[in-house]
Amino acid sequence: MQPLTQSSAAVQPESVIAAIRDVTGEGTHILHEPYFPGNEKAYVFSCIEDGWVSSVGSFVDRFEKDLATACGAKHAVVVANGTVALQMALHASGLQPGEEVLLPALTFVATANAVMHAGGVPHFVDCEETSLGMCPDALEAYLKQIVSSKDGKAVNSKTGRRIRALMPVHIFGHPCQMDKLARIAHTYQLELIEDAAEALGSESGGKKIGSQHMAAFSFNGNKILTTGGGGAVTTNDAAQYQKIKHLTTTAKQPHAWDFVHDEVAWNFRLPNLNAALGCAQLETLPDFLRAKRALAQRYIEAFSNIDSGAAILTEPEGTKSNYWLVALKLDACEQPQLEHMLAALHEAGLLCRPLWKPLHSLPIYADCPRAGLPVTKRMAQCIINVPSSVKLGLPYVS
Ligand SMILES: *Cc1c(COP(=O)(O)O)cnc(C)c1O
């Protein structure tokens, strides 16, 4: 490829390709491949053998129990995918139609979709450079400006709508500053729901993500572990747990034979087949985490050896990231350089991806309320995810 004219601080694609190759070796690499090294086949096969493939079965109960344990939460409900996990968490938190939910503009579209499906209004806020997650300082300053309090409840003085919930997202597995965000949520009486779709196994202040607040996880094929498709909500609140169980199982009252449904609800259950896969994957989660963290460490070393201009985004202080996707931050990067870099990487068989388009820039979400988003806009054109599959990290586990 012809080099693009660049400022002297900008890193050249050849150096980036060489550093990535140093870690991944030869071959074509996608961002994240699933890996099934354990009891996956045996458990799925046993479902087929005994006929329990659908919405009830022993693997569903076991997966919920094991997952709650793995996350340090009292309860877990497994569901069809991460998006509906978020939607159900919002319903269980008491979100009413037309109420606003604060979420980062920098996230996967599913976070905002879940708010819409739950009848809420997405309200976008800015991220911080260190974790790429919601910035507590910017959030606090913004809320001071726009919130008027009615009966102790936070109302957006610009729209007149109640702001009901705060939904931070742990981007690429790097935990947000949850203590600060929890304090803000408390001050403004906001429900706190973590979009932990990318953060299974991550920790903040020595505590597992999912152990402190209601959190939603995803087990989509590209996440750290997969059930094919699937998700979960963890909570320490028995009433919320009951509510989510009820809403995701057609709101059927328990009865030996009768069909009494007391709400218009959903069938969002995770089939036993998928839960079987989940049980096997969860057994290997500690190994997966070691591999992911070793891989990230190798990338950090490889990129510290090249000329300045690019560096791996490391876990924020006081946290332990699952490094779901390893992110490379380019200095002095603008949209044309980013495109040029991605084209060169793809040509070399490294199927890297940029950040999502900030959600306020999608026409479907352009009319939503939002804070100033200077960091989001800047980050959107200088981050690239590099191949991060568990398998790539295995050789580096010491
Ligand atoms: C993957 C993901 C989701 C949605 O999960 P699905 O299982 O694909 O529905 C939500 N939020 C974030 C941040 C995600 O990465």
Which residue pairs have Cβ atoms closer than 9 Å, lie 6 or more positions apart in sequence or on different chains, and pair a first residue in segment 139-162 that is under 20 Å from Leu192 (Cβ atoms) and of a type in the set (Asp, Glu) with a second residue that is surrounded by 15 or more Cβ atoms within 10 Å (Cβ to Cβ) and at pLDDT 95 or above? Glu140/Lys180; Glu140/Ile184
Tell me, please, whether a residue that is farther than 19 Å from Ile364 by Cβ and within 13 Å of the ligand (Cβ to nearest atom) can be found in segment 87-109. yes
For segment 158-174, give me each residue that is within 13 Å of the ligand (Cβ to nearest atom) and either over 19 Å from the mean Cα position of the chain (by Cα) or assigned to a loop (DSSP other than H, G, I, E, B) (or both). Met167, Pro168, His170, His174
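Just give me the residues in segment 42-92 being among the small types (Gly, Ala, Ser) and under 19 Å from the mean Cα position of the chain (by Cα), in sequence order.
Restricting attention to segment 42-92, the residues satisfying the condition of being among the small types (Gly, Ala, Ser) are 42, 46, 51, 54-55, 57-58, 68, 70, 72-73, 76, 80, 82, 85, 89, 92.
Those that are among the small types (Gly, Ala, Ser) and under 19 Å from the mean Cα position of the chain (by Cα): Ala68, Ala70, Gly72, Ala73, Ala76, Ala80, Gly82, Ala85, Ala89.
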Failed item, numbered, when Thr314 is tested on (1) within 20 Å of the chain's Cα centre (by Cα); (2) surrounded by fewer than 22 Cβ atoms within 10 Å (Cβ to Cβ); (3) touching a residue at least 40 places away in the same chain (Cβ under 8 Å): (3)
Take segment 249-302 and flag every residue that is hydrophobic (A, V, I, L, M, F, W, C) and more than 24 Å from Trp324 (Cα to Cα). Ala251, Ala256, Trp257, Phe259, Val260, Val264, Ala265, Trp266, Phe268, Leu273
If only one of Val155, Val115, Val101 is in a strand (DSSP E or B) and open to solvent by less than 10 Å² (accessible area, probe 1.4 Å), which one is it? Val101
In the set Leu330, Leu295, Leu342, Leu362, the lone residue that is buried (at least 21 other Cβ atoms within 10 Å of the Cβ) and either acidic (Asp, Glu) or in contact (Cβ under 8 Å) with a residue 12 or more places away in the chain (or both) is Leu295
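The values are calculated or read from the model by the stated rules, or taken from the named source; none is laboratory data. As the structure is a prediction and not an experimental result, all values here were calculated from the model. Quick reminder, even Gly has a Cβ in these numbers, built from the backbone with ideal geometry, and neighbours come from all protein chains shown. These accessible areas exclude ligands, DNA and RNA; they are computed on the full protein's heavy atoms, side chains included. Shrake-Rupley method; radii C 1.70, N 1.55, O 1.52, S 1.80 Å.
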